[in-house]
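The values are calculated or read from the model by the stated rules, or taken from the named source; none is laboratory data. This structure is a prediction, so every number in the text was calculated from the model and none was measured. So basically every Cβ, Gly included, is an ideal-geometry build from the backbone, and we count neighbours across all protein chains shown. Protein only, heavy atoms only, side chains kept; ligands, DNA and RNA dropped before computing areas. Shrake-Rupley method; radii C 1.70, N 1.55, O 1.52, S 1.80 Å.
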Amino acid sequence: MIDVDEAHRILFEHVTPGPVVELPLRDALYRTLAQEVLCDIDAPPFDRSLMDGFAVKAADVRGAPVHLRVVGRIAAGTQSERTLGRGETMQINTGAPIPRGADAVVRVEETESGHDGTVLIKTSVPAGKFITRRAEYLSAGTVVLEAGTRLRPTGLGAAATCGVASISVYRQPRVAILSTGDELIEIDRTPTGPQIRNSNQFLLEALVQSAHAAPVGLSPVGDDLERLTAAVQQGLEADVLCISGGISMGDRDYVPQVLQAVGATFRIHKMAIKPGRPTIFATTPTGKPIFALPGNPASAFVGFELLVRPALCALEGRSGVTGTQMAAELVGSLPANRDRRSFVPARAWTGARGQWCVERVSWGGSGDSLGLARANAMIVFPPHAREAREGAEVTIMLLDPA
Ligand code: AMP
Ligand code: MG
């Protein structure tokens, strides 16, 4: 059994970035950049007004209230060729270019329009007020987004600002999901006798989607050596294969045998975690990652969060991303831990002092997919930890942080 840190070291040693593709910007949301994005022009590209109001010479309004002659109107998307003279003003909209000769903007709220083509400026403003100077945000040539950044909506907007119509990103990993077990039935049927619904198929496909990768759902297979081998071979057409079930000590747990038969090398086999101990990470002779997770839903979930999600990041050029852990104040208590790192489904919220608080959810153990659904966090409880009492500081991992 290896610990989580060692597992991550091994994982990142063997999962290397996949291919790079060029995509129209629109199609690149949540992809990871394989290029940097540079500001192609100054931002903003000209001195512009931050407010709707009147462009003035600050010196003219020093003795406000004063009347100024309105000599123009600059809407966004237009500009004035005229230079502002003394005693003059132009009406200006937010985002419009400041006319030559003006050095400040008075907000429309601080003015009153006159009848005779004048405006009453009721307040003075210092030079520079409500003007965003050319290149005040960034100058042309500056890096806006580094390579290796996941393109989020704001990043996509920034790339658009920089005129990036198509962009170089890591291809979205395709992850084949294969559920195994003689007991599995489709979820639209009612189990009889020893049957159970194949919920892991949905859980794992959803997790893959939440990681912004593309799930490829395979038909479930029973605990049958030949069929399993065929399904694994089919699954290896994807970029990553993720198997659930069939890896424990049962005499019909054929997955390890099948992985060996297809030439996979085991890189991780058994981790010192609870739940999820039997988790396997293997690679094919061509270096394709295979994850074989225990069938118990909570075990499969923990295995996914600890190994598969970080691997999907690494495939997209972001090695070493293992999720954010933080300290939280325990509500309730946790019994002393044994020799494995425990992941305890829990609910976390922000307390009155802004601190994270966390409480275990009612959960029956690794087979309980329903209790698991109440959790928005996991308490990460180290091996051999003593009992943690109410108010103790514990470590948590937020699940699927938006
Ligand atoms: P296994 O890892 O194959 O020994 O399965 C362990 C437990 O997880 C058994 O109780 C299975 O019924 C359950 N299980 C296995 N596969 C699934 C699945 N696809 N969906 C829900 N539960 C499963
Ligand atoms: Mg099984």
Please tell me if residue 342 is modelled with pLDDT of 95 or more, hydroxyl-bearing (Ser, Thr, Tyr), open to solvent by 20 Å² or more (accessible area, probe 1.4 Å) and closer than 30 Å to residue 289 by Cβ.
-> no
Considering region 104-119 alone, what residues qualify as being surrounded by fewer than 22 Cβ atoms within 10 Å (Cβ to Cβ) and within 44 Å of the chain's Cα centre (by Cα)?
-> 107, 108, 109, 110
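Condition check ((1) of a type outside the set (A, V, I, L, M, F, W, C); (2) farther than 15 Å from residue 122 by Cα) across all residues:
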{"position": "50", "(1), (2)": "no, yes"}
{"position": "60", "(1), (2)": "yes, no"}
{"position": "66", "(1), (2)": "no, no"}
{"position": "73", "(1), (2)": "yes, yes"}
{"position": "78", "(1), (2)": "yes, yes"}
{"position": "90", "(1), (2)": "no, yes"}
Matching entry among 263, 276, 245 (being away from ligand 2 (no atom under 16 Å from the Cβ) and at positive phi) | 263
Expected single match for surrounded by 17 or more Cβ atoms within 10 Å (Cβ to Cβ), in contact with a strand residue (DSSP E or B) (Cβ under 7 Å, 6 or more places away or on another chain) and farther than 24 Å from residue 136 by Cβ among 66, 56, 61, 37 is 66
Test: residue in region 222-242 that is under 23 Å from the mean Cα position of the chain (by Cα), over 24 Å from residue 281 (Cβ atoms) and touching a residue at least 24 places away in the same chain (Cβ under 8 Å) = no
Checking residue 333 against (1) buried (at least 18 other Cβ atoms within 10 Å of the Cβ); (2) under 21 Å from residue 368 (Cα atoms), the condition it does not meet | (1)
Filter region 142-178 for residues that are of a type outside the set (A, V, I, L, M) and in contact with a Cys (Cβ under 9 Å, 6 or more places away or on another chain); which is nearest to residue 238 (Cα to Cα)?
-> 150
Considering 85, 72, 101, which residue is over 42 Å from the mean Cα position of the chain (by Cα) and either among the basic types (Lys, Arg) or surrounded by fewer than 14 Cβ atoms within 10 Å (Cβ to Cβ) (or both)?
-> 85
Which condition number does residue 181 fail, the rest of (1) within 11 Å of ligand 1 (Cβ to nearest atom); (2) in contact with a Pro (Cβ under 8 Å, 6 or more places away or on another chain); (3) open to solvent by 50 Å² or more (accessible area, probe 1.4 Å) being met?
-> (3)
Scanning region 314-329 residue by residue, those open to solvent by 10 Å² or more (accessible area, probe 1.4 Å) and in contact with a Ser or Thr (Cβ under 9 Å, 6 or more places away or on another chain) turn out to be 315, 317, 318, 319, 325, 326, 327
Which condition breaks for residue 392 when tested against (1) crowded, with 17+ Cβ neighbours inside 10 Å; (2) of a type in the set (Gly, Ala, Ser); (3) at pLDDT 95 or above?
-> (1)
Region 359-374 - residue that is out of contact with any Phe, Trp or Tyr (no Cβ under 6 Å at 6 or more places or on another chain) and in a helix (DSSP H, G or I) and, of those, nearest to ligand 2 (Cβ to nearest atom) = 369
Residue 386 outside any loop (DSSP other than H, G, I, E, B) and either charged (D, E, K, R) or surrounded by fewer than 19 Cβ atoms within 10 Å (Cβ to Cβ) (or both) | no
When restricted to 340, 347, 309, the only residue more than 16 Å from ligand 2 (Cβ to nearest atom), in contact with an Asp or Glu (Cβ under 7 Å, 6 or more places away or on another chain) and basic (Lys, Arg) is 347
For the subset of region 242-263 comprising residues that are of a type in the set (A, V, I, L, M) and within 15 Å of ligand 1 (Cβ to nearest atom), which member is most open to solvent (accessible area, probe 1.4 Å)?
-> 249
Any hit, region 264-279, residues being touching a residue at least 24 places away in the same chain (Cβ under 8 Å), open to solvent by 40 Å² or more (accessible area, probe 1.4 Å), within 13 Å of ligand 1 (Cβ to nearest atom) and farther than 18 Å from residue 341 by Cβ | no
